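Quick notes on the structure that follows.
The values are calculated or read from the model by the stated rules, or taken from the named source; none is laboratory data. None of the values given here were measured: they were computed from a predicted structure. Cβ placement follows ideal geometry from the backbone for every residue including glycine, while neighbour counts extend to all protein chains displayed.
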Amino acid sequence: MSGNAKGPVVQSGSMRDVVINSSAAPMTETQRRWEERQRRILEEEEVQRDKDQRHTFQYVKFTRWRRRFCLVMGVFVAVFGVLGVVEVIAIAKVFVALAFLFSIVFAIGWLKATWILWRWDAGRTIKVPQSRLYW
């Protein structure tokens, strides 16, 4: 036999008129469980979206800080290197070379941070590293 039975049902093969009352309770219980599952899934997705949004805002905040830091340190190190080249201060040529190397590193960091923030402010998609080690 197959199919759903609603209301009083007589079993086939029952010679003594045994009536099985089929209630609608199992169907409503199944519906209630399904709705709870759907609600739980939607809540989990909402929590994940909120977590991702917080993570993104923290990344943008850190990138703004990093841009300022790279600008200040890059200028400071470049001035230090220029003063070493012009021999206003007496430092070894190795330190002058390191000063220019670090000023280039800070300039690249500043450009990267500026690029990310420009895309964010324009409403474009930015890649947010999942691990803070890559910020």
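Observations, loosely collected:
- Any chance Val79 is farther than 30 Å from Trp120 by Cα and part of a helix (DSSP H, G or I): yes
- Selection status of Gly74, surrounded by 14 or more Cβ atoms within 10 Å (Cβ to Cβ), in contact with a helix residue (DSSP H, G or I) (Cβ under 6 Å, 6 or more places away or on another chain) and free of Cβ contacts under 8 Å to residues at least 24 places away in the same chain: no
- Filter result for Phe106 (at pLDDT 95 or above and not basic (Lys, Arg)): yes
- Per-region count, the range 101-134, residues in a loop (DSSP other than H, G, I, E, B) and hydrophobic (A, V, I, L, M, F, W, C): 3
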